[in-house]
1. Mind jotting down the distance between the C-alpha centroids of segment 23-38 and segment 77-138, whole Å?
2. Helix 91-103: angle to the longest alpha-carbon principal axis of the chain, degrees 0 to 90, nearest 10?
3. Rounded to the nearest 5, what is the percent of antiparallel bridges among the DSSP beta bridges in the chain?
4. Please calculate the 1.4 Å probe accessible area of ASP24, with all protein chains present, and give it to the nearest 10 Å².
5. Mind pulling the per residue volume of the convex hull built on the Cα atoms of segment 257-364? Å³ is fine.
6. Could you list which residues have their amide H under 5 Å from that of GLY149, counting only those 5 or more apart in sequence or on another chain, with H placed in the peptide plane?
7. With every protein chain in place, what's the accessible area of THR339 (1.4 Å probe, Å², nearest 10)?
8. Classify segment 218-294 as rounded, prolate or oblate, taking a ≥ b ≥ c as the square roots of the eigenvalues of its Cα gyration tensor: rounded when a/c is under 1.5, otherwise prolate if a/b is larger than b/c and oblate if not.
Amino acid sequence: MPDRTGPARSANSDAEPDERSGRDFIRDLVTADHASNRFGGRVQTRFPPEPNGFLHIGHAKAICLDFSVAAEFEGRCFLRFDDTNPATESPEYVDAIIDDVRWLGFEPDEIRFASDCFDQFYEWAELLISRGLAYVDDQDADAISAGRGGFGRPGTDSPHRDRPPSENLRLFREMAAGQHPEGSRVLRARIDMQHENMQMRDPVMYRIRHQHHYRQGDRWCIYPTYDWAHGQGDAVEGVTHSLCTLEFRDNRALYDWYLEHLPVDELDHSGDRPYQTEFARLELTHTVTSKRVLRRLVEDGHVDGWDDPRLPTLRALRRRGYPPSAIREFCAFIGVARTNSRHAPELLESFVRTELNASALRRMAVLRPLRLVITNWPTDDGGNPVTEHREAINNPEDPDAGTRQVPFSGTLWIDEDDFRLEAPPKFFRLSPGREVRLRAGYFVRCTDAVTDEDGKVIEVRCTYDPQTSGGQAPDGRRVKATIGWVSDQHAVPITAALYERLFDAELPGERTGDPLDDLHPDSREVLEGVAEPAIADIGPGDVVQFERIGYFCADSPAPGSSVSDSTGPALFHRTVGLRDEWANIQKRQQQQEARQ
(Lines give C-alpha, C1' and ligand atoms only; values in the text may rest on other atoms or scores of the structure.)
Protein backbone atom coordinates (compact mmCIF):
# COMPACT_ATOMS: atom_id res chain seq x y z
CA MET A 1 0.00 0.00 0.00
CA PRO A 2 1.49 3.39 -0.90
CA ASP A 3 2.44 5.87 1.78
CA ARG A 4 -0.38 8.40 1.90
CA THR A 5 0.95 10.53 4.74
CA GLY A 6 3.49 13.30 5.16
CA PRO A 7 4.44 15.80 2.46
CA ALA A 8 2.38 14.12 -0.28
CA ARG A 9 -0.79 14.55 1.76
CA SER A 10 -0.25 18.25 2.41
CA ALA A 11 0.50 18.82 -1.26
CA ASN A 12 -2.34 16.82 -2.74
CA SER A 13 -5.15 16.54 -0.22
CA ASP A 14 -7.65 19.37 0.25
CA ALA A 15 -8.60 18.17 3.73
CA GLU A 16 -8.57 20.77 6.48
CA PRO A 17 -8.96 18.83 9.73
CA ASP A 18 -9.03 20.62 13.06
CA GLU A 19 -5.79 19.59 14.74
CA ARG A 20 -7.47 19.52 18.15
CA SER A 21 -10.33 17.25 17.15
CA GLY A 22 -8.80 15.39 14.22
CA ARG A 23 -12.05 15.92 12.31
CA ASP A 24 -13.14 18.11 9.42
CA PHE A 25 -15.00 21.37 9.86
CA ILE A 26 -18.40 19.93 8.93
CA ARG A 27 -18.21 17.20 11.53
CA ASP A 28 -17.07 19.80 14.07
CA LEU A 29 -20.17 21.89 13.26
CA VAL A 30 -22.46 18.91 13.66
CA THR A 31 -20.70 17.92 16.90
CA ALA A 32 -21.30 21.40 18.31
CA ASP A 33 -24.97 21.35 17.26
CA HIS A 34 -25.42 17.93 18.78
CA ALA A 35 -23.80 18.99 22.05
CA SER A 36 -25.98 22.13 22.31
CA ASN A 37 -29.14 20.12 21.59
CA ARG A 38 -29.80 22.17 18.49
CA PHE A 39 -32.50 20.45 16.41
CA GLY A 40 -33.43 18.53 19.56
CA GLY A 41 -30.31 16.42 19.16
CA ARG A 42 -31.37 15.22 15.72
CA VAL A 43 -29.03 14.94 12.76
CA GLN A 44 -30.57 14.56 9.34
CA THR A 45 -28.86 15.06 5.99
CA ARG A 46 -29.87 14.46 2.40
CA PHE A 47 -28.24 13.73 -0.94
CA PRO A 48 -30.25 15.77 -3.48
CA PRO A 49 -29.39 14.88 -7.11
CA GLU A 50 -31.35 16.10 -10.08
CA PRO A 51 -32.65 13.10 -12.07
CA ASN A 52 -31.33 14.50 -15.35
CA GLY A 53 -28.12 12.50 -15.72
CA PHE A 54 -25.94 9.80 -14.27
CA LEU A 55 -23.87 10.21 -11.12
CA HIS A 56 -20.11 10.69 -11.43
CA ILE A 57 -17.05 10.55 -9.16
CA GLY A 58 -17.74 14.08 -7.92
CA HIS A 59 -21.10 12.95 -6.57
CA ALA A 60 -19.37 10.10 -4.74
CA LYS A 61 -17.76 12.53 -2.31
CA ALA A 62 -21.10 14.21 -1.56
CA ILE A 63 -22.81 10.83 -1.11
CA CYS A 64 -20.11 9.61 1.27
CA LEU A 65 -20.23 12.83 3.28
CA ASP A 66 -24.02 13.03 3.55
CA PHE A 67 -24.51 9.41 4.53
CA SER A 68 -21.45 9.03 6.76
CA VAL A 69 -22.17 12.18 8.78
CA ALA A 70 -25.71 10.97 9.44
CA ALA A 71 -24.46 7.51 10.41
CA GLU A 72 -21.74 8.82 12.74
CA PHE A 73 -24.31 10.79 14.73
CA GLU A 74 -26.95 8.05 14.62
CA GLY A 75 -29.05 10.24 12.37
CA ARG A 76 -30.87 9.78 9.09
CA CYS A 77 -30.01 10.51 5.47
CA PHE A 78 -32.59 10.84 2.71
CA LEU A 79 -32.08 10.45 -1.01
CA ARG A 80 -34.11 13.33 -2.41
CA PHE A 81 -34.57 13.90 -6.10
CA ASP A 82 -34.75 17.62 -6.94
CA ASP A 83 -37.04 17.00 -9.88
CA THR A 84 -38.18 20.55 -10.66
CA ASN A 85 -37.33 20.65 -14.38
CA PRO A 86 -39.68 18.45 -16.41
CA ALA A 87 -37.74 18.97 -19.63
CA THR A 88 -34.66 16.99 -18.58
CA GLU A 89 -35.80 14.41 -16.02
CA SER A 90 -36.84 10.80 -16.41
CA PRO A 91 -37.46 7.61 -14.40
CA GLU A 92 -34.37 6.09 -16.07
CA TYR A 93 -32.14 8.50 -14.19
CA VAL A 94 -34.05 7.97 -10.95
CA ASP A 95 -33.53 4.21 -11.11
CA ALA A 96 -29.87 4.58 -12.10
CA ILE A 97 -29.14 7.00 -9.24
CA ILE A 98 -30.79 4.73 -6.66
CA ASP A 99 -28.77 1.81 -8.01
CA ASP A 100 -25.51 3.80 -7.92
CA VAL A 101 -26.05 4.99 -4.34
CA ARG A 102 -26.70 1.44 -3.17
CA TRP A 103 -23.73 0.10 -5.15
CA LEU A 104 -21.53 2.66 -3.41
CA GLY A 105 -22.61 1.07 -0.14
CA PHE A 106 -25.36 3.31 1.23
CA GLU A 107 -29.04 2.72 1.89
CA PRO A 108 -31.25 5.83 2.15
CA ASP A 109 -33.50 6.04 5.16
CA GLU A 110 -36.14 7.35 2.78
CA ILE A 111 -36.36 8.19 -0.90
CA ARG A 112 -38.11 11.50 -1.48
CA PHE A 113 -38.97 13.73 -4.44
CA ALA A 114 -39.15 17.50 -4.47
CA SER A 115 -42.15 17.18 -6.79
CA ASP A 116 -44.11 15.60 -3.93
CA CYS A 117 -43.88 18.99 -2.17
CA PHE A 118 -45.18 21.05 -5.09
CA ASP A 119 -48.46 21.76 -3.28
CA GLN A 120 -46.62 23.05 -0.22
CA PHE A 121 -44.26 25.16 -2.34
CA TYR A 122 -47.25 26.67 -4.15
CA GLU A 123 -49.03 27.45 -0.89
CA TRP A 124 -45.94 29.18 0.48
CA ALA A 125 -45.49 31.13 -2.77
CA GLU A 126 -49.02 32.52 -2.38
CA LEU A 127 -48.16 33.43 1.21
CA LEU A 128 -45.14 35.47 0.11
CA ILE A 129 -47.22 37.16 -2.58
CA SER A 130 -49.91 38.11 -0.05
CA ARG A 131 -47.21 39.63 2.19
CA GLY A 132 -45.76 41.70 -0.63
CA LEU A 133 -42.61 39.57 -0.75
CA ALA A 134 -43.10 38.15 -4.25
CA TYR A 135 -44.47 39.49 -7.51
CA VAL A 136 -45.29 38.42 -11.05
CA ASP A 137 -42.92 39.88 -13.63
CA ASP A 138 -43.90 40.15 -17.30
CA GLN A 139 -40.34 40.74 -18.53
CA ASP A 140 -38.59 38.11 -20.59
CA ALA A 141 -35.43 36.34 -19.46
CA ASP A 142 -33.07 38.75 -21.23
CA ALA A 143 -34.69 41.80 -19.69
CA ILE A 144 -34.63 40.26 -16.23
CA SER A 145 -30.97 39.38 -16.61
CA ALA A 146 -30.08 42.87 -17.78
CA GLY A 147 -32.08 44.46 -14.97
CA ARG A 148 -30.16 42.54 -12.32
CA GLY A 149 -27.03 44.52 -13.18
CA GLY A 150 -23.72 42.93 -12.25
CA PHE A 151 -20.95 42.93 -9.72
CA GLY A 152 -20.26 46.59 -9.01
CA ARG A 153 -23.24 47.63 -11.16
CA PRO A 154 -26.63 48.40 -9.57
CA GLY A 155 -29.76 46.53 -10.48
CA THR A 156 -32.88 48.11 -11.95
CA ASP A 157 -36.34 47.55 -10.53
CA SER A 158 -38.75 45.72 -12.77
CA PRO A 159 -41.64 47.93 -13.96
CA HIS A 160 -43.92 45.29 -12.39
CA ARG A 161 -42.19 45.19 -9.00
CA ASP A 162 -44.78 47.37 -7.26
CA ARG A 163 -47.89 45.56 -8.44
CA PRO A 164 -50.33 45.17 -5.58
CA PRO A 165 -50.45 41.70 -3.93
CA SER A 166 -54.01 41.09 -5.09
CA GLU A 167 -53.05 41.52 -8.75
CA ASN A 168 -49.94 39.39 -8.33
CA LEU A 169 -52.00 36.67 -6.71
CA ARG A 170 -54.51 36.72 -9.57
CA LEU A 171 -51.77 36.53 -12.22
CA PHE A 172 -49.93 33.77 -10.38
CA ARG A 173 -53.09 31.69 -10.19
CA GLU A 174 -53.63 32.27 -13.89
CA MET A 175 -50.09 31.07 -14.52
CA ALA A 176 -50.81 27.92 -12.52
CA ALA A 177 -54.05 27.41 -14.44
CA GLY A 178 -52.22 27.42 -17.76
CA GLN A 179 -53.67 30.70 -18.99
CA HIS A 180 -50.33 32.20 -20.04
CA PRO A 181 -47.71 30.95 -22.52
CA GLU A 182 -44.19 29.88 -21.64
CA GLY A 183 -41.79 32.75 -21.15
CA SER A 184 -44.53 35.35 -20.74
CA ARG A 185 -44.36 35.67 -16.95
CA VAL A 186 -42.37 34.50 -13.93
CA LEU A 187 -42.78 34.81 -10.20
CA ARG A 188 -39.91 36.62 -8.46
CA ALA A 189 -39.05 37.11 -4.81
CA ARG A 190 -39.12 40.79 -3.82
CA ILE A 191 -35.87 41.22 -1.90
CA ASP A 192 -33.34 43.90 -2.88
CA MET A 193 -32.27 44.86 -6.41
CA GLN A 194 -29.22 46.66 -5.00
CA HIS A 195 -27.97 43.79 -2.89
CA GLU A 196 -24.24 43.09 -3.19
CA ASN A 197 -25.07 39.38 -3.53
CA MET A 198 -26.45 38.88 -7.03
CA GLN A 199 -28.52 35.92 -5.84
CA MET A 200 -30.58 38.28 -3.71
CA ARG A 201 -31.62 40.58 -6.56
CA ASP A 202 -35.22 39.42 -6.85
CA PRO A 203 -34.54 35.81 -7.89
CA VAL A 204 -37.02 33.88 -9.99
CA MET A 205 -39.16 31.43 -8.02
CA TYR A 206 -41.45 29.99 -10.71
CA ARG A 207 -41.38 29.67 -14.48
CA ILE A 208 -44.15 28.63 -16.84
CA ARG A 209 -43.48 25.22 -18.42
CA HIS A 210 -46.24 23.55 -20.42
CA GLN A 211 -44.49 20.19 -20.22
CA HIS A 212 -45.29 16.74 -18.91
CA HIS A 213 -43.65 15.83 -15.61
CA TYR A 214 -42.58 12.21 -15.25
CA ARG A 215 -44.20 11.97 -11.77
CA GLN A 216 -46.80 14.73 -11.67
CA GLY A 217 -48.07 14.24 -15.19
CA ASP A 218 -49.79 17.32 -16.62
CA ARG A 219 -51.08 18.67 -13.32
CA TRP A 220 -48.60 21.54 -13.19
CA CYS A 221 -47.60 24.08 -15.79
CA ILE A 222 -45.49 26.20 -13.44
CA TYR A 223 -42.35 24.77 -11.90
CA PRO A 224 -40.21 26.00 -9.00
CA THR A 225 -36.58 26.93 -9.46
CA TYR A 226 -33.91 25.03 -7.59
CA ASP A 227 -33.38 27.82 -5.06
CA TRP A 228 -37.07 28.03 -4.24
CA ALA A 229 -37.41 24.26 -3.80
CA HIS A 230 -34.08 23.61 -2.06
CA GLY A 231 -34.43 25.03 1.43
CA GLN A 232 -38.16 24.49 1.58
CA GLY A 233 -37.70 20.82 0.70
CA ASP A 234 -35.13 20.57 3.48
CA ALA A 235 -37.58 22.13 5.93
CA VAL A 236 -40.49 19.88 4.95
CA GLU A 237 -38.37 16.74 5.31
CA GLY A 238 -36.79 17.76 8.60
CA VAL A 239 -33.25 18.13 7.32
CA THR A 240 -30.94 19.67 9.91
CA HIS A 241 -27.69 20.11 7.97
CA SER A 242 -27.93 20.96 4.28
CA LEU A 243 -24.49 20.12 2.87
CA CYS A 244 -23.73 21.65 -0.54
CA THR A 245 -20.70 22.15 -2.73
CA LEU A 246 -19.00 25.52 -2.96
CA GLU A 247 -20.77 26.74 -6.10
CA PHE A 248 -23.84 27.25 -3.88
CA ARG A 249 -22.03 29.48 -1.39
CA ASP A 250 -23.68 32.67 -2.66
CA ASN A 251 -27.06 30.93 -2.58
CA ARG A 252 -26.87 30.48 1.20
CA ALA A 253 -28.22 33.98 1.89
CA LEU A 254 -31.23 33.24 -0.31
CA TYR A 255 -31.70 29.85 1.37
CA ASP A 256 -31.87 31.62 4.74
CA TRP A 257 -34.09 34.47 3.49
CA TYR A 258 -36.79 32.12 2.25
CA LEU A 259 -36.82 30.13 5.49
CA GLU A 260 -36.91 33.31 7.60
CA HIS A 261 -40.03 34.53 5.78
CA LEU A 262 -41.96 31.25 5.83
CA PRO A 263 -43.74 29.52 8.75
CA VAL A 264 -41.40 26.53 8.70
CA ASP A 265 -41.32 26.57 12.51
CA GLU A 266 -44.87 25.21 12.37
CA LEU A 267 -43.68 22.01 10.77
CA ASP A 268 -43.58 18.94 12.96
CA HIS A 269 -39.84 18.98 13.62
CA SER A 270 -37.59 20.40 16.32
CA GLY A 271 -38.49 24.03 15.61
CA ASP A 272 -35.02 24.92 14.38
CA ARG A 273 -34.58 25.84 10.75
CA PRO A 274 -32.08 23.85 8.67
CA TYR A 275 -28.94 25.63 7.59
CA GLN A 276 -26.64 25.29 4.63
CA THR A 277 -22.90 24.57 4.79
CA GLU A 278 -20.63 24.37 1.75
CA PHE A 279 -17.64 22.13 1.10
CA ALA A 280 -15.21 21.68 -1.78
CA ARG A 281 -16.31 19.43 -4.59
CA LEU A 282 -14.23 16.53 -5.84
CA GLU A 283 -12.46 17.08 -9.16
CA LEU A 284 -9.87 14.94 -10.93
CA THR A 285 -7.33 16.01 -13.49
CA HIS A 286 -7.52 14.69 -17.06
CA THR A 287 -11.30 14.27 -16.95
CA VAL A 288 -14.54 16.25 -16.84
CA THR A 289 -17.64 15.99 -14.68
CA SER A 290 -19.80 18.61 -16.38
CA LYS A 291 -23.08 16.99 -17.38
CA ARG A 292 -23.13 19.08 -20.53
CA VAL A 293 -19.69 17.90 -21.64
CA LEU A 294 -20.36 14.30 -20.63
CA ARG A 295 -23.54 14.37 -22.69
CA ARG A 296 -21.60 15.65 -25.71
CA LEU A 297 -19.09 12.82 -25.31
CA VAL A 298 -21.91 10.29 -25.36
CA GLU A 299 -24.19 11.81 -27.97
CA ASP A 300 -21.36 12.67 -30.39
CA GLY A 301 -20.00 9.12 -30.24
CA HIS A 302 -16.67 9.87 -28.58
CA VAL A 303 -17.49 7.16 -26.03
CA ASP A 304 -19.83 4.18 -26.13
CA GLY A 305 -22.51 5.19 -23.66
CA TRP A 306 -22.73 6.41 -20.10
CA ASP A 307 -21.04 3.29 -18.73
CA ASP A 308 -18.05 3.47 -21.07
CA PRO A 309 -15.13 2.63 -18.72
CA ARG A 310 -13.26 5.77 -19.78
CA LEU A 311 -15.88 8.05 -18.22
CA PRO A 312 -15.93 9.25 -14.59
CA THR A 313 -19.57 8.19 -14.09
CA LEU A 314 -20.15 5.75 -11.25
CA ARG A 315 -21.63 3.20 -13.61
CA ALA A 316 -18.53 3.49 -15.79
CA LEU A 317 -16.20 3.04 -12.81
CA ARG A 318 -18.33 0.08 -11.74
CA ARG A 319 -18.04 -1.50 -15.18
CA ARG A 320 -14.31 -0.91 -15.16
CA GLY A 321 -14.04 -2.82 -11.88
CA TYR A 322 -13.48 -0.10 -9.30
CA PRO A 323 -14.53 -1.52 -5.90
CA PRO A 324 -17.00 0.77 -4.11
CA SER A 325 -14.97 0.36 -0.93
CA ALA A 326 -11.92 1.85 -2.69
CA ILE A 327 -13.96 4.88 -3.78
CA ARG A 328 -15.21 5.36 -0.23
CA GLU A 329 -11.67 5.12 1.15
CA PHE A 330 -10.47 7.62 -1.45
CA CYS A 331 -13.21 10.10 -0.53
CA ALA A 332 -12.40 9.71 3.18
CA PHE A 333 -8.70 10.28 2.49
CA ILE A 334 -9.05 13.50 0.51
CA GLY A 335 -11.28 14.84 3.27
CA VAL A 336 -13.59 17.83 3.47
CA ALA A 337 -12.33 21.35 2.81
CA ARG A 338 -13.50 24.89 2.10
CA THR A 339 -11.39 25.39 -1.03
CA ASN A 340 -11.60 23.55 -4.35
CA SER A 341 -8.68 21.54 -5.67
CA ARG A 342 -8.03 18.79 -8.18
CA HIS A 343 -6.55 15.38 -7.53
CA ALA A 344 -4.48 13.15 -9.76
CA PRO A 345 -6.40 10.07 -10.91
CA GLU A 346 -3.39 8.02 -9.85
CA LEU A 347 -4.36 8.69 -6.23
CA LEU A 348 -7.77 7.11 -6.75
CA GLU A 349 -6.12 4.25 -8.63
CA SER A 350 -3.82 3.58 -5.68
CA PHE A 351 -6.84 2.86 -3.47
CA VAL A 352 -8.32 0.64 -6.17
CA ARG A 353 -5.04 -1.26 -6.57
CA THR A 354 -4.65 -1.78 -2.82
CA GLU A 355 -8.16 -3.22 -2.54
CA LEU A 356 -7.81 -5.48 -5.58
CA ASN A 357 -4.38 -6.74 -4.55
CA ALA A 358 -5.99 -8.18 -1.44
CA SER A 359 -9.19 -9.50 -3.03
CA ALA A 360 -8.67 -10.35 -6.71
CA LEU A 361 -7.96 -13.90 -7.86
CA ARG A 362 -4.96 -14.44 -10.10
CA ARG A 363 -5.16 -15.93 -13.57
CA MET A 364 -2.66 -16.20 -16.41
CA ALA A 365 -3.47 -14.48 -19.66
CA VAL A 366 -1.59 -13.41 -22.77
CA LEU A 367 -2.82 -10.29 -24.55
CA ARG A 368 -0.35 -10.21 -27.45
CA PRO A 369 0.11 -13.92 -28.14
CA LEU A 370 3.37 -15.29 -29.50
CA ARG A 371 3.71 -19.05 -29.98
CA LEU A 372 6.37 -20.85 -27.94
CA VAL A 373 7.22 -24.48 -28.78
CA ILE A 374 9.15 -26.65 -26.31
CA THR A 375 11.09 -28.88 -28.66
CA ASN A 376 12.05 -31.49 -26.03
CA TRP A 377 8.64 -31.77 -24.43
CA PRO A 378 7.54 -35.42 -24.04
CA THR A 379 4.84 -37.01 -26.17
CA ASP A 380 2.51 -39.93 -25.55
CA ASP A 381 2.42 -43.20 -27.49
CA GLY A 382 0.46 -41.51 -30.24
CA GLY A 383 3.01 -38.74 -30.67
CA ASN A 384 0.83 -36.12 -29.06
CA PRO A 385 2.32 -33.69 -26.54
CA VAL A 386 1.72 -34.74 -22.97
CA THR A 387 -0.46 -32.50 -20.82
CA GLU A 388 0.36 -32.04 -17.18
CA HIS A 389 -1.09 -29.67 -14.61
CA ARG A 390 0.82 -27.10 -12.65
CA GLU A 391 -0.30 -25.85 -9.26
CA ALA A 392 -0.72 -22.07 -9.09
CA ILE A 393 -1.63 -19.82 -6.17
CA ASN A 394 -4.97 -18.05 -6.50
CA ASN A 395 -3.99 -15.04 -4.38
CA PRO A 396 -0.72 -14.78 -2.47
CA GLU A 397 -2.33 -12.13 -0.22
CA ASP A 398 -5.15 -14.49 0.78
CA PRO A 399 -4.15 -18.02 1.85
CA ASP A 400 -7.82 -19.01 2.07
CA ALA A 401 -8.13 -18.50 -1.71
CA GLY A 402 -6.19 -21.75 -2.18
CA THR A 403 -4.63 -22.99 -5.39
CA ARG A 404 -5.70 -24.14 -8.83
CA GLN A 405 -4.44 -26.59 -11.45
CA VAL A 406 -3.28 -25.00 -14.71
CA PRO A 407 -2.80 -27.24 -17.80
CA PHE A 408 0.69 -27.17 -19.31
CA SER A 409 1.82 -28.66 -22.62
CA GLY A 410 4.56 -28.45 -25.21
CA THR A 411 3.07 -25.55 -27.15
CA LEU A 412 2.35 -22.37 -25.23
CA TRP A 413 1.44 -18.78 -25.80
CA ILE A 414 3.61 -16.06 -24.30
CA ASP A 415 3.34 -12.31 -24.65
CA GLU A 416 5.29 -10.90 -27.56
CA ASP A 417 6.68 -8.25 -25.20
CA ASP A 418 8.44 -11.05 -23.29
CA PHE A 419 10.69 -11.91 -26.24
CA ARG A 420 13.33 -9.97 -28.14
CA LEU A 421 15.29 -11.36 -31.05
CA GLU A 422 18.03 -8.93 -30.12
CA ALA A 423 17.84 -8.11 -26.45
CA PRO A 424 18.46 -4.46 -25.52
CA PRO A 425 20.39 -3.57 -22.35
CA LYS A 426 18.59 -4.51 -19.10
CA PHE A 427 16.14 -6.74 -20.94
CA PHE A 428 16.15 -9.95 -18.90
CA ARG A 429 13.24 -11.82 -20.43
CA LEU A 430 13.44 -14.35 -23.23
CA SER A 431 15.88 -14.00 -26.13
CA PRO A 432 18.12 -16.45 -28.05
CA GLY A 433 20.41 -18.31 -25.65
CA ARG A 434 18.71 -16.89 -22.55
CA GLU A 435 16.86 -18.87 -19.89
CA VAL A 436 13.76 -17.71 -18.00
CA ARG A 437 11.27 -19.19 -15.59
CA LEU A 438 7.71 -19.91 -16.69
CA ARG A 439 5.42 -18.92 -13.83
CA ALA A 440 4.37 -22.03 -11.91
CA GLY A 441 6.26 -24.01 -14.55
CA TYR A 442 9.80 -24.81 -15.64
CA PHE A 443 12.96 -23.08 -16.77
CA VAL A 444 13.07 -22.75 -20.55
CA ARG A 445 15.96 -21.67 -22.77
CA CYS A 446 15.44 -20.12 -26.19
CA THR A 447 17.22 -22.02 -28.96
CA ASP A 448 15.69 -20.49 -32.06
CA ALA A 449 13.05 -18.14 -33.42
CA VAL A 450 10.99 -18.29 -36.61
CA THR A 451 10.22 -15.07 -38.48
CA ASP A 452 7.89 -14.27 -41.34
CA GLU A 453 8.89 -12.64 -44.62
CA ASP A 454 8.81 -9.22 -42.96
CA GLY A 455 11.16 -10.29 -40.22
CA LYS A 456 8.49 -10.43 -37.53
CA VAL A 457 8.92 -13.21 -34.97
CA ILE A 458 6.03 -15.65 -35.22
CA GLU A 459 7.34 -18.55 -33.15
CA VAL A 460 9.90 -19.05 -30.39
CA ARG A 461 11.54 -22.43 -29.90
CA CYS A 462 12.87 -23.51 -26.54
CA THR A 463 14.03 -26.45 -24.52
CA TYR A 464 12.90 -27.00 -20.96
CA ASP A 465 14.73 -28.40 -17.95
CA PRO A 466 12.54 -31.10 -16.36
CA GLN A 467 14.61 -30.80 -13.17
CA THR A 468 13.21 -27.30 -12.52
CA SER A 469 9.64 -28.40 -11.83
CA GLY A 470 9.69 -26.73 -8.44
CA GLY A 471 10.76 -23.40 -9.88
CA GLN A 472 14.41 -23.83 -8.95
CA ALA A 473 17.36 -25.52 -10.60
CA PRO A 474 19.10 -28.35 -8.67
CA ASP A 475 22.49 -26.93 -9.60
CA GLY A 476 21.57 -23.58 -8.05
CA ARG A 477 21.64 -21.55 -11.25
CA ARG A 478 19.33 -18.54 -11.29
CA VAL A 479 17.31 -16.73 -13.88
CA LYS A 480 16.52 -13.02 -13.90
CA ALA A 481 12.96 -13.10 -15.20
CA THR A 482 9.68 -14.96 -14.84
CA ILE A 483 7.10 -14.78 -17.63
CA GLY A 484 3.49 -15.80 -18.02
CA TRP A 485 2.07 -18.34 -20.42
CA VAL A 486 -1.09 -20.12 -21.56
CA SER A 487 -1.23 -23.64 -22.96
CA ASP A 488 -2.18 -23.48 -26.62
CA GLN A 489 -4.27 -26.65 -26.45
CA HIS A 490 -6.30 -25.31 -23.51
CA ALA A 491 -6.38 -21.59 -24.30
CA VAL A 492 -9.63 -19.68 -23.91
CA PRO A 493 -10.02 -16.70 -26.30
CA ILE A 494 -10.61 -13.37 -24.59
CA THR A 495 -10.87 -9.72 -25.58
CA ALA A 496 -9.11 -7.15 -23.44
CA ALA A 497 -9.74 -3.41 -23.49
CA LEU A 498 -6.84 -1.26 -22.30
CA TYR A 499 -7.53 2.35 -21.33
CA GLU A 500 -5.52 5.53 -21.21
CA ARG A 501 -6.71 8.89 -19.97
CA LEU A 502 -9.69 10.16 -21.91
CA PHE A 503 -8.12 13.64 -22.10
CA ASP A 504 -4.49 14.52 -22.76
CA ALA A 505 -4.63 17.83 -20.90
CA GLU A 506 -4.52 18.03 -17.13
CA LEU A 507 -7.35 20.59 -17.29
CA PRO A 508 -9.40 19.75 -20.39
CA GLY A 509 -10.50 22.86 -22.26
CA GLU A 510 -8.13 25.23 -20.51
CA ARG A 511 -6.26 25.93 -23.76
CA THR A 512 -9.15 26.50 -26.20
CA GLY A 513 -12.25 26.64 -24.04
CA ASP A 514 -13.58 23.37 -25.47
CA PRO A 515 -12.66 20.24 -23.47
CA LEU A 516 -13.22 18.03 -26.51
CA ASP A 517 -10.21 19.65 -28.19
CA ASP A 518 -8.06 17.79 -25.64
CA LEU A 519 -9.45 14.30 -26.23
CA HIS A 520 -6.82 11.56 -26.26
CA PRO A 521 -6.94 10.09 -29.79
CA ASP A 522 -6.03 6.58 -28.57
CA SER A 523 -7.69 6.31 -25.18
CA ARG A 524 -8.75 2.70 -25.78
CA GLU A 525 -6.88 -0.25 -27.27
CA VAL A 526 -8.68 -3.55 -27.82
CA LEU A 527 -6.61 -6.73 -27.95
CA GLU A 528 -7.51 -10.32 -28.79
CA GLY A 529 -5.74 -12.64 -26.40
CA VAL A 530 -5.97 -15.97 -24.59
CA ALA A 531 -6.32 -17.05 -20.98
CA GLU A 532 -6.07 -20.23 -18.93
CA PRO A 533 -9.26 -22.34 -18.57
CA ALA A 534 -9.92 -21.13 -15.00
CA ILE A 535 -10.89 -17.78 -16.46
CA ALA A 536 -14.34 -19.35 -16.76
CA ASP A 537 -14.68 -19.00 -12.98
CA ILE A 538 -14.67 -15.22 -13.27
CA GLY A 539 -18.24 -13.96 -13.46
CA PRO A 540 -19.55 -10.68 -14.89
CA GLY A 541 -18.39 -7.75 -12.79
CA ASP A 542 -15.66 -9.77 -11.04
CA VAL A 543 -12.11 -8.46 -11.09
CA VAL A 544 -9.14 -10.72 -11.70
CA GLN A 545 -5.43 -10.05 -11.82
CA PHE A 546 -3.89 -11.14 -15.11
CA GLU A 547 -0.53 -12.05 -13.64
CA ARG A 548 2.25 -9.64 -14.49
CA ILE A 549 -0.18 -7.52 -16.53
CA GLY A 550 -2.78 -5.81 -14.36
CA TYR A 551 -6.26 -6.01 -12.91
CA PHE A 552 -9.13 -6.69 -15.29
CA CYS A 553 -12.89 -6.72 -14.83
CA ALA A 554 -15.15 -9.16 -16.64
CA ASP A 555 -17.61 -7.08 -18.60
CA SER A 556 -20.91 -6.37 -16.91
CA PRO A 557 -22.63 -3.64 -18.95
CA ALA A 558 -25.52 -1.62 -17.66
CA PRO A 559 -28.92 -2.37 -19.20
CA GLY A 560 -29.15 -0.88 -22.68
CA SER A 561 -25.39 -0.53 -23.10
CA SER A 562 -24.21 -0.36 -26.70
CA VAL A 563 -20.75 -1.78 -25.98
CA SER A 564 -21.42 -5.37 -25.05
CA ASP A 565 -21.19 -8.20 -27.57
CA SER A 566 -22.25 -11.45 -25.92
CA THR A 567 -21.53 -13.49 -29.05
CA GLY A 568 -17.74 -13.02 -29.08
CA PRO A 569 -14.96 -13.89 -26.63
CA ALA A 570 -15.37 -12.72 -23.05
CA LEU A 571 -14.53 -9.03 -22.69
CA PHE A 572 -12.27 -7.81 -19.89
CA HIS A 573 -11.66 -4.16 -19.04
CA ARG A 574 -8.34 -3.16 -17.55
CA THR A 575 -9.18 -1.66 -14.18
CA VAL A 576 -5.66 -0.54 -13.22
CA GLY A 577 -2.15 -1.67 -13.97
CA LEU A 578 0.16 -3.32 -11.47
CA ARG A 579 2.55 -0.37 -11.15
CA ASP A 580 1.66 2.16 -8.47
CA GLU A 581 1.98 5.45 -10.32
CA TRP A 582 0.85 7.38 -7.25
CA ALA A 583 3.89 6.14 -5.34
CA ASN A 584 6.08 7.46 -8.16
CA ILE A 585 4.33 10.84 -8.01
CA GLN A 586 4.88 11.00 -4.25
CA LYS A 587 8.55 10.16 -4.68
CA ARG A 588 9.04 12.93 -7.23
CA GLN A 589 7.25 15.44 -4.98
CA GLN A 590 9.37 14.51 -2.00
CA GLN A 591 12.52 14.88 -4.08
CA GLN A 592 11.38 18.33 -5.22
CA GLU A 593 10.59 19.39 -1.65
CA ALA A 594 14.01 18.14 -0.50
CA ARG A 595 15.71 20.37 -3.10
CA GLN A 596 13.78 23.47 -2.02
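1. Segment 77-138 and segment 23-38 have Cα centres spaced 27 Å from each other.
2. Roughly 60 degrees between the two axes.
3. Antiparallel bridges make up about 65 percent of those DSSP assigns within the chain.
4. Here the residue's solvent-accessible area equals roughly 20 Å².
5. That works out to 197 Å³ per residue.
6. Amide H neighbours of GLY149, under 5 Å, 5+ apart: THR156.
7. Roughly 80 Å² of THR339 is accessible to a 1.4 Å probe.
8. Oblate, because a/c is 1.5 or more while a/b does not exceed b/c.
The values are calculated or read from the model by the stated rules, or taken from the named source; none is laboratory data. The structure presented is a predicted model; accordingly, all values stated were derived computationally and were not measured. Because the Cβ atoms are built from the backbone with ideal geometry, glycine has one as well, and the counts that use them run over all protein chains shown. The accessibility values were calculated without ligands, DNA or RNA, using every heavy atom of the protein model including side chains. Shrake-Rupley method; radii C 1.70, N 1.55, O 1.52, S 1.80 Å.
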